[in-house]
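The values are calculated or read from the model by the stated rules, or taken from the named source; none is laboratory data. Note that the structure is a prediction, hence the values are computed from the model and not measured. Cβ atoms come from the backbone with ideal geometry, glycine included; neighbour counts cover every protein chain shown. These accessible areas exclude ligands, DNA and RNA; they are computed on the full protein's heavy atoms, side chains included. Shrake-Rupley method; radii C 1.70, N 1.55, O 1.52, S 1.80 Å.
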Amino acid sequence: MAVTATNTHSAIDAVWRIESARIIAGLARMVRDVGLAEELAQDALVAALQQWPESGLPDNPGAWLMATAKHRAIDVFRRNKRLERKHEELGRELQSQQESAVPDFNAALDDDIGDDLLRLVFISCHPVLSTEARVALTLRLLGGLTTGEIARAFLVPEPTVAQRIVRAKRILAEERVPFEVPRGPDLAARLSSVLEVIYLVFNEGYSATAGEDWMRPALCEDALRLGRMLAELVPNEPDVHGLVALMEIQASRSGARIGPSGEPILLLEQNRALWDHLLIRRGLAALERAGKLSGAPGPYELQAAIAACHARARAPAETDWTRIVALYEALAQLLPSPVVDLNRAVAVAMAFGPAAGLALIDDTLASEPSLKAYHLLPSVRGDFLFKLGRFAEAQVEFERAASLTRNARERELLLGRARACAGELPPRGPQ
């Protein structure tokens, strides 16, 4: 019996991860309140946890959860004596839907699921919220993650994440943010916010900013799932396909980026046979789709094109670094950033020698205020110095980089490179 209950709870968890976003999206359209929609969905989940271990999983778990959530909505409406007429009408509509047989989950949502999900994407990533709140709310509502899982992923206290989510839902209600997909010129601005959130989630998974782990693959998977979903919902937006292409190709290296003991393995040292070629093919297809839709490539498309140069190279020596330099120059024109300039310096060094890369850093980036605490600046400079045989200077740079990073694995790697400068260990290549 205990085994059966355990299996049922695992199945419920899987169902929730798959269906929760659709359920919350459908409910939010009907009740016009994201916070209430999530509460109703959570009530349905609690009911499932209580009933399914005894009764077994229903034939259509998603429809069961939706119908149960609607029933809870009716109860809420009935208890609230101050409801406006439209809520009363909505309650009667829900009552009628609850009493009718629901043949499938699509019918349970009473509308196009894609439209509801797209509305939920845009409201979760609304610019009225802080970036941290957008990330937390998106992972909660669309990723199906618990507050604890989000807290562990970003290494922040669980109460902090809980407060962000509560505050975000309150702000959305207070600002009366409409549950709708923006149209016309508003769409591009709002879409950029959505893409930013998804890419932030992916990057935190791909290169964790802090903690003991070099990567957090689950976050990469969540971001990829959200990106793929968005690409289906807005198939004619090139920036979406550009971001999906970038994430697919980057994620293809995941299996080669970590050694047996969890240590980082840098790009030029990776076993390319371990790269996931299915993800590469998916990424290249998404990149091609973005190119057909865009008049001029956007920032994600350009970054995906850079990643594609690595993906197409069967060995590090075959990498087209000259093309990568040109792509970074185009990216810098479109999205001026010291970080982009730093990456361009790496490409220049690979294409034209470390002295050329070092000159770029020393001429334009060494005194950049925004990079003062950015650990990759001294890390990259140290790599150039090492290749030029200036080992003492390189050691100082690697030690400084190690002092700036908050990721334990990266700190170990940088200190190892510092020791290599003193002849204690063989050198390691650049990231």
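Only one of ARG152, ARG164 is open to solvent by 40 Å² or more (accessible area, probe 1.4 Å) and either at pLDDT 90 or above or under 12 Å from the mean Cα position of the chain (by Cα) (or both); which?
ARG164
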Notebook entry, point to check: Are there any pairs, at least 6 apart or on different chains, whose C-beta atoms fall under 8 Å, with the first in the stretch 306-329 and over 23 Å from ASP276 (Cβ atoms) and the second among the basic types (Lys, Arg), and if so, which?
Noted result: VAL325/ARG344; TYR328/ARG344; GLU329/ARG344
Check: When the stretch 237-264 is examined, which residues are found to be out of contact with any Pro (no Cβ under 9 Å at 6 or more places or on another chain), in a loop (DSSP other than H, G, I, E, B) and crowded, with 18+ Cβ neighbours inside 10 Å?
Finding: GLU237, SER252, ARG253
Checklist line | Those residues of the stretch 299-317 which are assigned to a loop (DSSP other than H, G, I, E, B) and either open to solvent by less than 10 Å² (accessible area, probe 1.4 Å) or among the charged types (D, E, K, R) (or both), in sequence order | finding: ALA313, ARG314
Next item on the list: Give the residue, chosen from LEU36, LEU27, LEU49, LEU65, that is in a helix (DSSP H, G or I) and open to solvent by 60 Å² or more (accessible area, probe 1.4 Å).
Entry: LEU49
Notebook entry, point to check: Right, ARG253: without any contact (Cβ under 8 Å) to a residue 60 or more places away in the chain, touching a Leu at 6+ places or on another chain (Cβ under 9 Å) and not acidic (Asp, Glu) or not?
Noted result: yes
Next item on the list: Just one of (1) under 17 Å from the mean Cα position of the chain (by Cα); (2) part of a helix (DSSP H, G or I) trips up ALA208, so point out which.
Entry: (2)
Check: Out of the stretch 367-386, which residues are modelled with pLDDT under 95, among the charged types (D, E, K, R) and either closer than 25 Å to SER261 by Cα or in a helix (DSSP H, G or I) (or both)?
Finding: none
Margin query: Within the stretch 364-374, take every residue that is over 20 Å from LEU388 (Cα atoms), open to solvent by 40 Å² or more (accessible area, probe 1.4 Å) and not polar (S, T, N, Q) and give me the one that is nearest to the chain's Cα centre (by Cα).
Written below: TYR374
Checklist line | ILE361 being closer than 23 Å to ARG253 by Cβ, open to solvent by less than 40 Å² (accessible area, probe 1.4 Å) and not polar (S, T, N, Q) | finding: no
Note to self: Looking at the stretch 301-310, can you tell me whether even one residue there is over 24 Å from the mean Cα position of the chain (by Cα), over 23 Å from ASN236 (Cβ atoms), at pLDDT 95 or above and among the β-branched types (Val, Ile, Thr)?
What the structure shows: no
Note to self: I'd like the residue in the stretch 203-236 that is acidic (Asp, Glu) and touching a strand residue (DSSP E or B) at 6+ places or on another chain (Cβ under 9 Å) and, out of all such residues, is most open to solvent (accessible area, probe 1.4 Å).
What the structure shows: GLU212
Next item on the list: Scan the stretch 182-202 for residues that are open to solvent by 20 Å² or more (accessible area, probe 1.4 Å) and outside any helix (DSSP H, G or I) and report the count.
Entry: 2
